[in-house]
Amino acid sequence: MPYNRLEIANMTYTRNSIIEALECVAQIGVPSIGAASILDVGSHDFLKYFEKEILDNFIAQGGSTCRFFEGAYGSGKTHLLQLFQDIAIKRHMLVVEVELSHSMNFIYWESITRYIMEKIQCRFDGKVVRSLPKILDALALNGWASENPLKSFHLPHTGFVNAIDTYLKQNQNLNPAAKEKLAQFLIGQRVSAVELRKLGVTGVKNPLSRRNAELVLNTVLSSLFHLGLPGTMVLFDETDQTFRSTLTHSNKAHAAANIMRRLIDACSLNGIKGVLVSFAVLPNFIPACANTYQAVGERLMVSSEGRHEPGWRTPVLRLDSVNSVPGHDEFVKAAVDKFMELSRLLGIKKNLKSQLEIAGEDILAHHAGLNFRRPLLRMYASMLLEHV
């Protein structure tokens, strides 16, 4: 008899959710949101460290940190960020994932800040709530009460402090037009102080712009922590060679690297509260940033050649260093064991072990480095689905 449920890392998965995760992996190579731990192989030890040392002992206490994870295409970068996202969901943290590309990178910091305010999400009563205004709506509807006003924390953008404070405290009393305009301001639209004053909202000015984007983001994320939410994960996933383009060494690339340097400093120097910023990047992203702007490499203890210190406490880690399965053959063996467990759980009568092992050997023969992991899991997911 198959099991009815699967318990992983204090999260419960039903048979249907496992099938949905397998279907998603078979189609696009990554599991559905909230299901990454179902198919995880070898990350358990690091995730235990991550939750205790980084989230419990640091982020939950108001600290912030910026971490980088390097890996090639198909090596598990996106999967690791999804594991982080699963943890955020479990802990009722805020979370947002940003795909870094040529159209969405640190040269366009205003666009990234706007995207975060539009897409940031949290779970209230089991439902996903997405965008800064809707999260504030949910806080108001759940009886939010602040021990200290946001103004007492000396946050850098007074206009956004007042906007958040007004939206929360007057949530039920704002007339619909004023609430709509204030909500637009809170997702980065150009709403002027004059427009808001005409609707009875005062003290809210200086909407998001290219010049103030950094201050706006620091204010918004710190405010959410001060309001009592248990921290935010901002997950950046590099999907193309952002810093290894024709812009490298240009003024724009230098400005983008400087923004990254300031973000790292904001996390390490207490300029932002309760935030984990995590980058999953392609190889040579960090050296390229360091070549563009040396101060980035200095902050990350990385030279322009990309050397960095060992150990999970360091800010830059290779994906293979966070996985407890040491080699390629060992990873395939562990993956076979994982999928055999899922096979039993799903009630598959045929013993697929030898087929999984042969398919794993074939994948390793055709993929070098760590980029075998995604095609391996896609293949295994497809093989299980054929027998469900």
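The values are calculated or read from the model by the stated rules, or taken from the named source; none is laboratory data. Not measured: the values here are computed from a predicted model. When we count neighbours, we look across all protein chains shown, and the Cβ atoms used for this are built from the backbone with ideal geometry, even at glycine.
Quick notes on this one:
- Considering segment 165-188, and only residues there that are modelled with pLDDT under 95 and aliphatic (A, V, I, L, M), the residue that is farthest from the chain's Cα centre (by Cα) turns out to be Leu174.
- Unique match (being among the aliphatic types (A, V, I, L, M) and closer than 14 Å to Val161 by Cβ) among Leu229, Leu186, Leu196, Leu235: Leu186
- Filter result for Ser268 (small (Gly, Ala, Ser), at pLDDT below 95 and in contact with a Lys or Arg (Cβ under 8 Å, 6 or more places away or on another chain)): yes
- Lone unmet requirement of (1) in a loop (DSSP other than H, G, I, E, B); (2) among the hydroxyl-bearing types (Ser, Thr, Tyr); (3) at pLDDT below 95 for Ser152: (1)
- Top-ranked residue of segment 210-243 - restricted to ones that are surrounded by fewer than 21 Cβ atoms within 10 Å (Cβ to Cβ) and polar (S, T, N, Q), ranked as modelled with the lowest pLDDT: Gln241
- Pro326 surrounded by 15 or more Cβ atoms within 10 Å (Cβ to Cβ) and under 28 Å from Val277 (Cα atoms): no
- Subset of segment 260-288 [more than 16 Å from Ser101 (Cα to Cα), part of a helix (DSSP H, G or I) and in contact (Cβ under 8 Å) with a residue 60 or more places away in the chain]: Leu263, Ile264, Ala266, Cys267, Ser268
- Residue among Leu208, Leu182 that alone is under 28 Å from Leu81 (Cα atoms) and in contact with a helix residue (DSSP H, G or I) (Cβ under 8 Å, 6 or more places away or on another chain): Leu208
- Members of segment 296-307 found to be crowded, with 16+ Cβ neighbours inside 10 Å and either modelled with pLDDT of 85 or more or not in a loop (DSSP other than H, G, I, E, B) (or both), listed by number: Val296, Gly297, Arg299
- Test: residue in segment 59-67 that is of a type in the set (A, V, I, L, M), in contact with a strand residue (DSSP E or B) (Cβ under 7 Å, 6 or more places away or on another chain) and at pLDDT below 90: no
- The requirement of being part of a strand (DSSP E or B) and closer than 20 Å to Ser268 by Cα is fulfilled nowhere in segment 207-230; no residue meets it.
- Contact annotation: residue pairs with Cβ atoms under 8 Å, 6 or more positions apart or on different chains, pairing a residue in segment 101-120 that is within 17 Å of Asp240 (Cβ to Cβ) with a partner that is of a type in the set (Ser, Thr, Tyr) and modelled with pLDDT of 95 or more, are Met104/Tyr115.
- The single condition among (1) out of contact with any Asp or Glu (no Cβ under 7 Å at 6 or more places or on another chain); (2) in the same structural domain as Cys267 (by TED's automatic domain parsing); (3) buried (at least 22 other Cβ atoms within 10 Å of the Cβ) that Ala72 does not satisfy is (3).
- Residues in segment 32-72 that are assigned to a loop (DSSP other than H, G, I, E, B) and touching a Pro at 6+ places or on another chain (Cβ under 8 Å): Gly71, Ala72.
- Against the numbered list (1) part of a loop (DSSP other than H, G, I, E, B); (2) modelled with pLDDT of 85 or more, Pro310 comes up short only at (2).
- For His249: the one exception among (1) on the phi > 0 side of the Ramachandran plot; (2) at pLDDT 90 or above; (3) of a type outside the set (Ser, Thr, Tyr): (2)
Quick grid of which residues meet (1) under 20 Å from Phe285 (Cβ atoms); (2) in a loop (DSSP other than H, G, I, E, B); (3) at pLDDT 95 or above; (4) touching a Pro at 6+ places or on another chain (Cβ under 8 Å):
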{"site": "Gly74", "(1), (2), (3), (4)": "yes, yes, no, yes"}
{"site": "Ala88", "(1), (2), (3), (4)": "no, no, no, no"}
{"site": "Trp109", "(1), (2), (3), (4)": "yes, no, no, no"}
{"site": "Tyr115", "(1), (2), (3), (4)": "yes, no, yes, no"}
{"site": "Leu136", "(1), (2), (3), (4)": "no, no, yes, no"}
{"site": "Trp144", "(1), (2), (3), (4)": "no, yes, no, no"}
{"site": "Asn148", "(1), (2), (3), (4)": "no, yes, no, no"}
{"site": "Ala163", "(1), (2), (3), (4)": "no, no, yes, no"}
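- Odd one out for Pro375 among (1) surrounded by fewer than 18 Cβ atoms within 10 Å (Cβ to Cβ); (2) at pLDDT below 85; (3) farther than 30 Å from His254 by Cα: (2)
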